[in-house]
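**Student:** Quick one: this structure, given as structure tokens, is what I'll be asking you about.
Taken together, the values in this text are just the output of simple stated rules run on the coordinates, not laboratory data. Keep in mind the model is a prediction, meaning the values are calculated, not measured. Positions of Cβ are generated from backbone atoms using ideal geometry, with glycine treated the same way; all protein chains shown enter the neighbour counts.
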Amino acid sequence: MTRAWWKEAVVYQIYPRSFLDTTGDGFGDLNGITQKLDYLKDLGIDVIWLSPIFASPDDDNGYDISDYRDIMEKMGTMEDFDTLLNSAHEKGLKIVLDLVVNHTSDEHNWFVESRKSKDNPYRDYYFWSDEKRSNWLSFFGGDAWEHDEATNSYYLHLFSKKQPDLNWENPKVRQEVYDLMHFWLKKGIDGFRMDVIPMISKYLDFPDIDTNNFVGAINDVYTNGPRIHEFLREMNEEVLSKYDALSMGEGIGINADQGLMYTDEDRKELQMIYHFDHMSLDWGKGGKFDPKPFKLTEFKYLFRTWHEKLGDKGWLTVFLDNHDFPRMVSRFGNDQQYRVESAKLLCTLLLTLRGTPCLYQGSEIGMTNVNFPSLDQYEDIEIRNKIAEHKALGKDLKELEKVIHQIARDNARTPMQWNDQPNGGFSTSEKTWIDSNPNFDTINVENALKDKSSIWYYYQNMLKFRKSHKTFVYGEYKEYMEDTESVYVYKRWDGDGEYMVMLNFTDITQEVVDIQEIRSLKVLVNNYKTPPINSLYLRPWEAVVYTIG
């Protein structure tokens with residue numbers, strides 16, 4: 001297997017508006033990130049992925065970009081960004097930006113021109129039609145085709161109506177994208193995370209979807225279009241191949257059989273993707289607002305399958321939460337009685353699987369879902385649209401409220417909890433862009449750094465452990481007890497060593513079946529303060545890494 005710095009790196013995602021506010025306006029900024037670079041360096045991460053910092057009307061928290069070569073005013077200036085970039089590089093940290101090129105803002109100059117007339121030179125930068133071409137639905141609710149009075153036409157938007165989809169069939173659009181990528185890479189950034197990248201190629205016959213199976217529509221119609229690999233190879237040839245830059249694709253709609261097509265080193269497309277298979281295990285056919293029970297066996301099966309399908313040629317980003325999903329300790333762990341233990345267990349999982357781990361801000365202190373008492377406190381456009389839809393239909397909001405508490409993207413977007421001061425030390429403003437999680441008085445960085453047994457120090461130690469044991473980066477993988485819903489047990493090995501990872505995903509002690517290698521195990525990592533009972537038993541949410549032999 002080819003070795004590379006980006007395979008051995010650990011990525012830390014920052015949601016800039018929620019990280020640290022240095023101006024007192026209630027909105028996080030670039031200077032706040034610069035102030036905390038030493039914190040991130042001490043934690044032990046290598047790469048910082050910044051969610052969008054570009055100029056934007058902020059309809060979808062910056063994922064609606066109006067100028068790709070300017071900074072959002074509330075976040076600072078280009079000079080502030082240059083300071084952040086240079087300071088990060090001085091500390092040995094890399095900066096990766098969010099490349100959002102499936103769509104723009106409707107306030108981007110391209111679209112402003114495009115909507116003026118049917119013969120405008122920018123008209124073909126987007127998808128326009130005299131009538132609705134299909135029954136496609138937007139991710140944020142409602143039709144994906146929006147009527148525009150200026151030319152009595154419809155344009156396509158798979159997200160907000162203020163996020164019209166770009167027409168990648170137009171070579172001028174592709175060149176515009178490559179030019180803006182060159183702009184940032186020449187400035188010195190270290191790569192891109194590519195937003196909904198499998199969606200840039202559309203099925204131009206716009207086939208109708210089963211509106212009762214939105215997950216199926218995503219997988220079968222909205223993603224993996226006929227020219228996607230052609231576009232990505234062209235992007236690689238025109239831009240990525242000319243830099244030592246990280247390319248990480250958001251793999252929405254990509255299954256294990258398709259993953260190698262995106263990341264096979266010989267195909268020269270992307271270095272890695274992160275798939276959503278495990279992130280939709282608790283979704284019904286109706287998507288995230290139609291939840292169903294989560295099964296550990298399905299979770300394990302997906303990790304096992306992806307490992308087998310990618311083999312030695314492809315590569316993954318491994319993640320359990322980010323700005324689009326609930327907090328991982330609330331979703332996959334126990335954020336009450338066993339919050340500390342389960343947060344450490346999930347950290348162990350992330351850092352012992354093959355792939356480039358991506359941590360999300362606040363996970364290192366075990367931040368939890370917020371469960372706002374009032375639906376009015378949710379800021380996400382997806383949630384607000386869903387609430388409005390329910391009200392318009394006269395539906396009871398009580399059931400929806402339960403689902404929102406469970407799945408809302410705002411769960412991960414509340415401000416970083418630095419201390420027990422107002423707003424968790426995020427901002428001095430009386431009103432922040434989104435309310436803080438009330439538990440910042442106990443769950444915060446300041447408290448974590450005072451306690452050597454805290455989740456934060458466990459992350460720091462696990463990051464050091466992974467870097468000193470490259471077997472967890474490149475080694476082989478074998479799973480045991482595949483059919484159990486309680487424990488996750490697997491071996492990682494290569495010429496440098498053999499290791500056994502044992503994880504108990506329940507609130508009760510579990511027995512591990514007698515695996516032959518267990519007879520010669522030595523504890524390397526344990527998430528409890530006291531040693532394991534023995535190698536055949538795991539306490540509630542216990543995680544143990546053993547060396548074999």
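**Student:** Compute the helix-to-body angle for 296-310: its Cα long axis versus the longest principal axis of the chain, expressed 0 to 90° and rounded to tens.
**Tutor:** 70 degrees
**Student:** A follow-up question, please. Taking the 0 to 90 degree range and rounding to the nearest ten, how far is the long axis of helix 381-392 tilted relative to the main principal axis of the chain, both from C-alpha atoms?
**Tutor:** Once rounded, one gets 70 degrees.
**Student:** Hey, can you grab everything whose amide H is under 5 Å from the amide H of T356? Only 5+ residues off in sequence or another chain; H modelled, so Pro and N-termini drop out.
**Tutor:** Those qualifying (amide H under 5 Å, at least 5 residues apart or on another chain) are L316, T317, V318.
**Student:** Would you calculate, for the chain, the mean residue ellipticity at 222 nm contributed by helices, counting each DSSP H stretch of 4 or more residues as -39,500 (n - 2.57) and dividing by all residues, to the nearest 500?
**Tutor:** When only DSSP H runs of four or more count, the value is -8000 deg cm²/dmol.
**Student:** Scan around Y537 for amide H atoms under 5 Å from its own, H built in the peptide plane at 1.01 Å from N, and keep only partners 5 or more places away or cross-chain.
**Tutor:** Result for Y537 returns V512.
**Student:** Now for a different question. For T530 and W493, what is the calculated FRET efficiency with R₀ set at 25 Å and r taken between the beta-carbons, to the nearest 0.05?
**Tutor:** 0.35
**Student:** Taking amide H atoms as placed 1.01 Å from N in the peptide plane, list the residues 5 or more away in sequence, or in a different chain, whose amide H sits under 5 Å from that of M194.
**Tutor:** Excluding prolines and chain starts, which carry no amide H, the hits are L99, M248, G249, E250.
**Student:** Here is a further query. Sticking with the crude label model, points 7 Å out along Cα→Cβ, report the distance from D208 to I508 in nm, one decimal please.
**Tutor:** 5.0 nm
**Student:** Based on the Cβ-Cβ distance from D483 to Q460, what FRET efficiency comes out when R0 is 56 Å, to the nearest 0.05?
**Tutor:** With R0 = 56 Å, the Cβ-Cβ based efficiency is 0.95.
**Student:** Using 0.36 nm per residue, how much length does the chain from K118 to E430 gain when fully extended, once their Cα-Cα distance is taken away?
**Tutor:** 107.6 nm
**Student:** Moving on to the next point. Would you tally the net charge around Y360, using a Cβ to Cβ cut-off of less than 11 Å, leaving Y360 out, and scoring K and R as +1, D and E as -1?
**Tutor:** Charge balance in the 11 Å sphere: -1.
**Student:** 7 Å from Cα along Cα→Cβ at both K242 and Q336: what's the point-to-point distance in nm?
**Tutor:** With each label point 7 Å from Cα toward Cβ, the separation is 5.7 nm.
**Student:** Moving on to the next point. Along the Cα→Cβ direction, 7 angstrom out, place labels at K395 and M78. What is the inter-label distance in nm?
**Tutor:** With each label placed 7 Å out from Cα toward Cβ, I get 4.6 nm.
**Student:** Taking a spot 7 Å from the Cα of W5 along the direction of its beta carbon, which residues of the range 308-325 have an amide N less than 20 Å from it?
**Tutor:** 315-318
**Student:** Only loop residues by DSSP count here, and only those with at most 10 other Cβ atoms within 10 Å; note down the trypsin sites (Lys or Arg not before Pro) in the range 1-85 that meet that.
**Tutor:** Hits after loop and neighbour filter: R3.
**Student:** A further question on this structure: Extension gain K187-T23, at 0.36 nm per residue separation less the Cα-Cα distance, in nm?
**Tutor:** Answer, rounded to one decimal: 56.5 nm.
**Student:** Go through the range 404-419 residue by residue and turn each phi into a ³J(HN,Hα) via Karplus (6.51, -1.76, 1.60, θ = phi - 60°); whole Hz please, and just put x for glycine and proline.
**Tutor:** Along the range 404-419, the couplings run 4, 4, 7, 10, 4, 5, 4, 3, 9, 9, 5, x, 4, 9, 8, 7 Hz.
**Student:** What is the local net charge at N135, summed over the other residues whose Cβ is closer than 11 Å to its Cβ (Lys, Arg +1; Asp, Glu -1)?
**Tutor:** Once positives and negatives cancel, what remains is -1.
**Student:** Another question, if that's okay. Give me the net charge of L449's neighbourhood, meaning all other residues with Cβ under 15 Å from the Cβ of L449; Lys, Arg count +1, Asp, Glu -1.
**Tutor:** In short, -2.
**Student:** With axes computed from alpha carbons, what is the tilt in degrees of helix 339-350 against the longest principal axis of the chain, rounded to the nearest 10 within 0 to 90?
**Tutor:** Between helix and principal axis, roughly 80 degrees.
**Student:** In addition: Where in the range 1-20 does the label zone of E265 land, with the point 7 angstrom along Cα→C-beta and an amide N cut-off under 15 Å?
**Tutor:** Answer for this model: 1-9.
**Student:** Neighbour counts of other C-beta atoms within 10 Å: give me K300, K467, K402, K344 arranged from fewest to most.
**Tutor:** The order, fewest Cβ neighbours first, is K402, K467, K300, K344.
**Student:** I would also like to ask the following. Mind listing the phi-derived Karplus ³J(HN,Hα) values for the range 201-206, rounded to whole Hz, using 6.51, -1.76 and 1.60 with θ = phi - 60°, and x for any glycine or proline?
**Tutor:** 9, 9, 6, 6, 7, 6
**Student:** Right, something else. Give the lysines whose C-alpha is closer than 29 Å to that of K391, dropping any in the same chain fewer than 8 places away, or say none.
**Tutor:** K132, K161, K162, K285, K288, K292, K402, K431
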